[in-house]
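First comes the structure, then the notes that go with it.
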Amino acid sequence: MCAKPTGIKIIAANRKARHFFELLDFIEAGIMLTGSEVKSLREGKVNFMDGYVRITEGEAFLSGVHISTYANAGYAQHVPDRERKLLMHRHEIHSLKSKMEQKGLTLVPTKLYFKDGKIKIELALAKGKKVYDRREDLKQKAVNRDTEREMNRA
């Protein structure tokens with residue numbers, strides 16, 4: 001028997017999510033995939049720039065995530081932009097839905113990774129940033145970078 005892989009191996013991270021959203025709370029969920037999708041993810045062929053989570057009828061679905069087709073899949077190709085069901089407990093989905101409705105938040109994917117041989121997705125409850133908030137963040141980063149340079153020179 002071969003040993004199961006342990007630990008976490010990040011497949012992809014949504015770095016732009018921190019730019020467009022203020023991330024408040026993080027949740028880990030499983031994701032239902034086909035075989036060719038898993039093979040494609042092992043190659044790192046995923047883009048979730050426009051990804052979000054939609055909750056309908058007590059189930060959570062991941063939309064807007066593009067997993068490229070796997071070259072060696074043959075006739076068993078998958079649809080790259082289909083909705084994928086997220087595997088979460090009913091009470092988790094219910095609490096997330098109530099937070100989303102009350103506070104006007106959204107669920108965005110932040111990371112996709114292997115954990116103990118299974119593919120997991122990290123979701124974040126997020127609040128959209130205004131344009132002026134983004135500008136302030138960029139100014140703050142520039143100031144921090146300049147002060148760091150000055151400290152290193154001294």
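The values are calculated or read from the model by the stated rules, or taken from the named source; none is laboratory data. Computed from a predicted structure; not experimentally measured. Heads up, the Cβs are rebuilt from the backbone with ideal geometry, glycines too, and the neighbour counts pull from every protein chain shown. When the accessible area is computed, the model is the full protein with side chains, heavy atoms only, and any ligands, DNA or RNA have been set aside. Shrake-Rupley method; radii C 1.70, N 1.55, O 1.52, S 1.80 Å.
Which residues, counting only those in the range 104-153, are assigned to a loop (DSSP other than H, G, I, E, B), at pLDDT 85 or above and out of contact with any strand residue (DSSP E or B) (no Cβ under 7 Å at 6 or more places or on another chain)? Within the range 104-153, 116, 117 qualify.
Candidates are the residues of the range 82-91 that are within 17 Å of the chain's Cα centre (by Cα) and more than 10 Å from residue 62 (Cα to Cα); the one that is least open to solvent (accessible area, probe 1.4 Å) is 88. Scanning the range 24-45 for residues that are under 16 Å from residue 13 (Cβ atoms), assigned to a strand (DSSP E or B) and open to solvent by 30 Å² or more (accessible area, probe 1.4 Å) turns up 26, 28. Looking for whichever is touching a Ser or Thr at 6+ places or on another chain (Cβ under 6 Å) and either under 24 Å from residue 13 (Cα atoms) or basic (Lys, Arg) (or both) here; the options are 84, 54, 135. Which one fits? Exactly one residue qualifies, and that residue is 54. Inside the range 19-30, residues that are under 11 Å from the mean Cα position of the chain (by Cα) and not small (Gly, Ala, Ser) make up a count of 3.
Assessment of the range 70-83 against the conditions (closer than 21 Å to residue 20 by Cβ, touching a residue at least 60 places away in the same chain (Cβ under 8 Å) and either in contact with a strand residue (DSSP E or B) (Cβ under 7 Å, 6 or more places away or on another chain) or not charged (D, E, K, R) (or both)) yields no matching residue. On the stretch given as the range 98-126, residues that are charged (D, E, K, R) and more than 16 Å from residue 23 (Cα to Cα) total 5. A single entry from 141, 129 fulfils the requirement of being under 21 Å from residue 19 (Cβ atoms) and surrounded by 14 or more Cβ atoms within 10 Å (Cβ to Cβ): 129. Check the range 58-65 and report whether any residue there is in a strand (DSSP E or B), open to solvent by 80 Å² or more (accessible area, probe 1.4 Å) and either modelled with pLDDT under 90 or closer than 24 Å to residue 92 by Cβ (or both). Checking the range 58-65: not a single residue is in a strand (DSSP E or B), open to solvent by 80 Å² or more (accessible area, probe 1.4 Å) and either modelled with pLDDT under 90 or closer than 24 Å to residue 92 by Cβ (or both).
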